[in-house]
1. Among THR179, SER112, PRO408, pick out the residue whose Cα is farthest towards the positive end of the charge dipole of the chain, where Lys and Arg carry +1 and Asp and Glu carry -1 on C-beta, about the Cα centre.
2. Near PHE174, within a Cβ-to-Cβ distance under 14 Å, what is the net charge of the other residues, with Lys and Arg +1 and Asp and Glu -1?
3. What percent does the relative contact order of the stretch 290-427 come to when contacts are Cα pairs within less than 8 Å and at least six residues apart?
4. With a cut-off of 8 Å between alpha carbons and a minimum separation of six or more residues, what is the relative contact order of the chain in percent?
5. Highest mean first, what order results for 211-222, 232-243, 179-190 on Cβ atoms within 10 Å?
6. Which order do you get for VAL269, VAL399 if you rank them by accessible area with a 1.4 Å probe, largest at the top?
7. What nm value, rounded to one decimal, do you get for the distance between ALA95 and ALA160 when each label is placed 7 Å out toward the C-beta?
8. When the helix-only estimate is applied to the chain (DSSP H runs of n ≥ 4, each -39,500 (n - 2.57), divided by the residue count), what is the mean residue ellipticity at 222 nm, nearest 500 deg cm²/dmol?
Amino acid sequence: MKTKTVLTMLAATALLAQMPILTLSQNNNSMPDAAACFSTFSMPQNLGAAVNSADDEQSATLAPGGLSLYFASNRAGGQGGLDIYVSQRATLSSAWGAPQNVAMLNTSSGDSPTSISPDGRELFMQSQRPGGIGGVDLYLSTRADPNNDFGWTAPVNLGAPLNTTFNEQNGNYFVDPATGAGTLFFTSDRASGTINVKDIFQSTRNADGTFNPPTPVSELKSAADEARTAISRDGLEIFVGSNRLGTAFAIFVSTRASVSAPWNPPVSVGGLNAGGGATQPALSPDGTVLYFTSNRPGGSGNLDLYSAVRVSVNRSSPADFDGDGRTDISVFRPSDGTWYVMQSNSNTFQAQQFGTNGDRIVPGDYDGDGRTDFAVFRQVSTNGIWYILQSSDNAFRAVNWGLATDKPVPGDYDGDGRTDIAVYRNGIWYILQSSNGQFTTHQFGASSDIPVAAANTQ
């Protein structure tokens with residue numbers, strides 16, 4: 001049993017001293033898995049005969065508007081090996097049209113798309129064409145018109161330090177929406193020196209378009225082969241193809257609290273992997289649809305493209321302390337301020353002292369990692385203070401928000417996947433938005449009403 005003291009950035013006061021942080025866990029020697037609720041999907045659907053053939057289809061890549069689907073295929077009529085094709089549709093609800101060969105991107109060697117920049121003007125791809133540095137290399141093609149699927153320039157080898165004499169593949173380009181900074185995620189076997197044992201690397205981009213020396217993404221590493229990644233537009237969720245569970249590839253998902261935070265341990269996306277192997281994930285621009293490659297029974301050929309619709313996006317079940325998408329059986333004991341949790345993902349028991357007699361419990365996912373945080377609302381003189389223990393990093397914070405007589409009404413009011421601090425007072429809602437730190441008020445209800453958001457608070 002270990003006792004851990006967590007300090008806050010706020011000045012130490014007598015109030016904080018009353019908030020002991022003591023972990024009393026039984027059979028709980030590791031942190032819970034990353035947010036499995038980020039990866040709840042519908043039953044995968046084969047994209048059908050319009051896209052798939054009796055040959056191989058793989059490496060799905062969506063254009064930013066969602067109306068063009070690029071992929072690689074070795075079907076008859078190409079230039080040789082894997083060629084890049086594009087299928088188009090008129091609207092997001094329309095069926096995909098007949099694929100067309102994107103001739104300017106292809107050679108007689110293997111060519112595959114890997115990602116398109118958010119502005120639609122850059123296509124990252126991989127190729128074994130002559131003239132490379134070695135093995136499979138990363139290439140870049142550009143276009144002036146982001147809507148012209150046949151306006152791409154001849155691909156250019158991205159060169160060193162990205163490419164080496166080993167294999168560099170699966171370039172996945174992410175642009176931070178807050179700063180505009182670009183990062184290329186890719187896989188390479190350079191570290192192990194063993195073909196097909198690949199790790200994930202990342203390389204930041206300079207203002208002139210060049211890339212910096214890559215660094216390994218250690219949190220996503222295993223002893224097995226890591227394949228293609230797909231990262232959400234906000235950079236807080238990443239899907240990874242890997243054979244870390246055995247010989248077959250499967251899709252895993254990891255989350256992080258912010259773009260600068262480390263990734264949580266990846267967890268298997270069971271709904272996608274059931275019934276056969278799955279790999280090469282690709283997200284639709286809005287993050288609601290995941291495309292992937294599989295050779296599961298019932299397809300058109302060896303490798304087919306599938307899609308699955310996300311059922312839950314950045315949402316935790318109530319009182320989901322272990323992040324598996326299921327509510328945990330749990331109680332709060334006011335006499336000593338202890339939370340008792342039976343974790344549904346492992347059936348292990350956890351006891352956490354956080355709070356004191358007289359506090360109101362206000363659990364929620366305040367850090368956006370898919371796990372419920374321990375939190376209480378305390379009346380201090382005439383004020384209300386929120387004490388939160390973040391599950392993502394065990395950091396403790398206190399926020400003075402509301403009056404002692406207010407009803408705490410935590411909830412995700414701005415839709416960013418994180419619980420907002422909020423109170424209800426005489427028919428007025430006072431909300432501190434987690435997405436931007438701004439304060440909003442809403443007149444809704446009467447002083448005698450019971451706010452629905454407070455129904456599960458003490």
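The values are calculated or read from the model by the stated rules, or taken from the named source; none is laboratory data. This is a predicted model, so every value here is computed, not measured. When we count neighbours, we look across all protein chains shown, and the Cβ atoms used for this are built from the backbone with ideal geometry, even at glycine. Calculation scope for accessible area: heavy atoms of the full protein, side chains included, ligands and nucleic acids excluded. Shrake-Rupley method; radii C 1.70, N 1.55, O 1.52, S 1.80 Å.
1. Positive-end residue among those listed: PRO408.
2. Numbers: positive: ARG205, ARG228, ARG233, ARG256; negative: ASP119, GLU122, ASP176, ASP234, GLU237.
Result for the neighbourhood of PHE174: -1.
3. 15
4. Rounded, it is 14 percent for the chain.
5. On the way: 211-222: 15.6, 232-243: 22.1, 179-190: 19.4.
Highest to lowest by the protection proxy: 232-243, 179-190, 211-222.
6. Working: VAL269 0, VAL399 30 Å².
Ranked list, largest accessible area first: VAL399, VAL269.
7. Rounded to a tenth, the inter-label distance reads 5.2 nm.
8. 0 deg cm²/dmol
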